1. Look through G107, G77, G73 and report the one residue that is of a type in the set (G, A, S) and without any contact (Cβ under 8 Å) to a residue 60 or more places away in the chain.
2. Could you list, in sequence order, the residues of the range 79-90 that are open to solvent by less than 70 Å² (accessible area, probe 1.4 Å) and of a type outside the set (A, V, I, L, M)?
3. Among the residues of the range 129-156, which ones are more than 24 Å from P45 (Cα to Cα), small (G, A, S) and open to solvent by less than 50 Å² (accessible area, probe 1.4 Å)?
4. Mind checking which residues of the range 50-62 are closer than 16 Å to L138 by Cα and open to solvent by 90 Å² or more (accessible area, probe 1.4 Å)?
5. Look at the range 91-112 and say how many of its residues are under 17 Å from A173 (Cα atoms), loosely packed, with under 15 Cβ neighbours inside 10 Å and among the hydroxyl-bearing types (S, T, Y).
6. Search the range 114-127 for residues being at pLDDT below 95 and closer than 21 Å to G160 by Cα, and hand back the single one that is most open to solvent (accessible area, probe 1.4 Å).
7. Would you check if there is a residue in the range 48-66 being in contact (Cβ under 8 Å) with a residue 60 or more places away in the chain and among the polar types (S, T, N, Q)?
8. Only one of G134, G120, G130, G107 is under 13 Å from the mean Cα position of the chain (by Cα) and not hydroxyl-bearing (S, T, Y); which?
Amino acid sequence: MTIPTPLSTTLPVTPVTYWTAYDSPVGRLLLTAAPAGELTSLSVPGQKGGRSVQEDWRQDAGPFRPVTEQLDGYFAGELKEFSLESRTYGTDFRERVWQALDSVPYGATTTYGEIAARIGAPRAAVRAVGGAIGANPLLIVRPCHRVIGANGTMTGYAGGLERKVRLLRLEGAVSVEE
């Protein structure tokens, strides 16, 4: 008779999440990173769907030096495009929407319908595109603030409309209405 043995007797190791806070002109930002230092989120306190510091996270500003240096440059008006290692997870649809966001240039705006068209989604998918944009875990770095309503008005932003307007003003996006 053979007695089955367990395949593994060790518990799975939970990867460490690093975090730091960054004080910006649009308020305090929470940054998180994977063990290898890839940025996994950039959110604001109270953000719908945003992260909050967990007990088992490790506070360490070290992994965030490239992020904070680039944020400094962005808020000084000197950096127009972020170049950071990141690791985010979403459905295939969300990933396609997020890639489309990455192509919206500094100082420009686009609409939810234009993002839908960029990814080959039907016009009826505009609400789903809005949901994917709202689930973007990398505020500012992945420029979801550059997406406005079809009529040029400010529409939802997970970080709050006031922050959205401030970011667009910083970038000189002059075609936005409050």
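1. G73
2. Hits for the range 79-90 are F82, S86, T88, G90.
3. In the first step, residues of the range 129-156 are kept if they are more than 24 Å from P45 (Cα to Cα); the result is 149-153.
Next, from what is left, pick out any that are small (G, A, S): 149-150, 152.
Passing the criteria: G149, G152.
4. R51
5. 1
6. Per the stated criteria, the residue is R127.
7. Among the residues of the range 48-66, not one is in contact (Cβ under 8 Å) with a residue 60 or more places away in the chain and among the polar types (S, T, N, Q), which makes the answer no.
8. G134
The values are calculated or read from the model by the stated rules, or taken from the named source; none is laboratory data. Keep in mind that what you see is a predicted model, and the values were worked out from it rather than measured. Positions of Cβ are generated from backbone atoms using ideal geometry, with glycine treated the same way; all protein chains shown enter the neighbour counts. Just so you know, the surface numbers come from the protein's heavy atoms only, side chains and all, with ligands and any DNA or RNA stripped out. Shrake-Rupley method; radii C 1.70, N 1.55, O 1.52, S 1.80 Å.
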